[in-house]
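We did not get these values from a lab; they are worked out from the coordinates using the rules stated. Since the structure is predicted, the reported quantities are computational estimates derived from the model, not experimental observations. Every residue, glycine as well, gets a Cβ built from its backbone with ideal geometry; the counts of neighbours run over all protein chains shown.
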């Protein structure tokens, strides 16, 4: 016993007690009794169902008549949480055939344009096989920018892939019904127009479109490495050069080939655009003219002639131009405004209203010429 105690670094009395109990004796349990005995399977099922908050689990246990502290629940779910994190980190790389898939996403970065610090919204599209990249920058983010970026990407690649993988932005996916996403009607109509199948990655699983996720970081860090640009036109020109002379000719870290070389093989698998008309060629909808002689489009407001207040007019957007029609005639034309909550006013639309309003105003009898006031104060003063 002395030799065992010396080798293990334990007290002789401890060794003597274990020897007397025998080799099959279990270690005596110490500490507080297990309050969750019999509820382990239920707790694990609730955790796997998505209830990850220990306090919520404690509340549900209380409803079942089990009163425990939050710390008790935290100790129980700790190994389950670690296992879930490891499962979420584990990723199975999925390669696609040429022309099978394109992934799209937006990123954000603060830059300086024309001496003004602005937030740039970077649209990025990546072909799954070749890793060929398309990038474009917008000063703000609307649903039309998703569609404009997508159509510009198809034009850049010269063809249409079989499917387009997106995240769960409200402009693209309205909600999920069980295991099936409900796509925004506008986005679904766009994909149908081009013969492309929409696909959405599951919520909180951005690695489903990991190719473009990495591409967004690459564009922000490399293409937009400089943070100052003379104008938006200069920035767009720089991105065109960057895609051609930098992004597509580098050796990709995963494929070990240049995207431009793999794209030559992928180009043949893309559905040719040919003379297929643009989906964004013209967008038509109706609006009711507000009391201040305006119609609204994407939070911005555009003036129309005052005699159309309360009328429902036809609005058409094409090529960055907005036109308003009433009874088949164009009554207002404006350039589509970037930004949010901005007013675009044509003074001619309220000219008749202003003239009529001034005529209705009568001179107030309390009004006096300035000479009367000058006489009171003792002469003209400046």
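Observations on the model:
- The gain in end-to-end length when the residue 70 to residue 20 segment is fully stretched comes to 14.0 nm, 0.36 nm per residue minus the alpha carbon separation.
- Full extension of the segment from residue 80 to residue 51, taken as 0.36 nm per residue of separation minus the current Cα-Cα distance, would add 9.3 nm.
- Most fluctuating residue given options 347, 305, 369, as computed from a GNM of the chain linking Cα atoms under 10 Å: 369
- Degrees between helix 232-245 axis and first principal axis of the chain (Cα, 0 to 90, nearest 10): 50 degrees
- Ellipsoid fit via the Cα gyration tensor, the chain: semi-axes of 63, 36, 24 Å, each the root of five times an eigenvalue, largest first.
- Residue-span extension gain [residue 271 to residue 255] - 0.36 nm each, minus C-alpha spacing: 3.4 nm
- The chain: relative contact order in percent, alpha carbon pairs under 8 Å with at least 6 residues between: 12 percent
- Rounded FRET efficiency, nearest 0.05, which uses the C-beta distance separating residue 174 from residue 63 and R0 of 25 Å: 0.15
- What the Cβ-Cβ distance of residue 244 and residue 186 gives, at R0 = 30 Å and to the nearest 0.05, is a FRET efficiency of 0.45.
- Structure remark: mean-square fluctuation, Gaussian network model of the chain, C-alpha springs under 10 Å; the largest value among 83, 296, 112 belongs to 83.
- Note on the chain: GNM, Cα springs under 10 Å; of 74, 151, 116, the largest mean-square fluctuation is that of 74.
- Alpha carbon centroid spacing (whole Å) that separates the stretch 107-185 from the stretch 212-279: 13 Å
- Fraction of beta bridges assigned by DSSP in the chain that are antiparallel (%, nearest 5): 80 percent
- Neighbour counting of Cβ atoms within 10 Å sorts the residues 105, 372, fewest neighbours leading, into 372, 105.
- Folded to 0 to 90 degrees: helix 143-157 orientation relative to the chain principal axis, Cα: 80 degrees
- Per-pair calculated FRET efficiency, R0 = 35 Å: residue 202 and residue 338 via Cβ, rounded to 0.05: 0.60
- Helix 70-89 vs. the chain, principal-axis angle (Cα, 0 to 90°, nearest 10): 70 degrees
- Label-to-label distance for residue 234 and residue 286 is 4.8 nm, based on points extended 7 Å past Cα in the beta-carbon direction.
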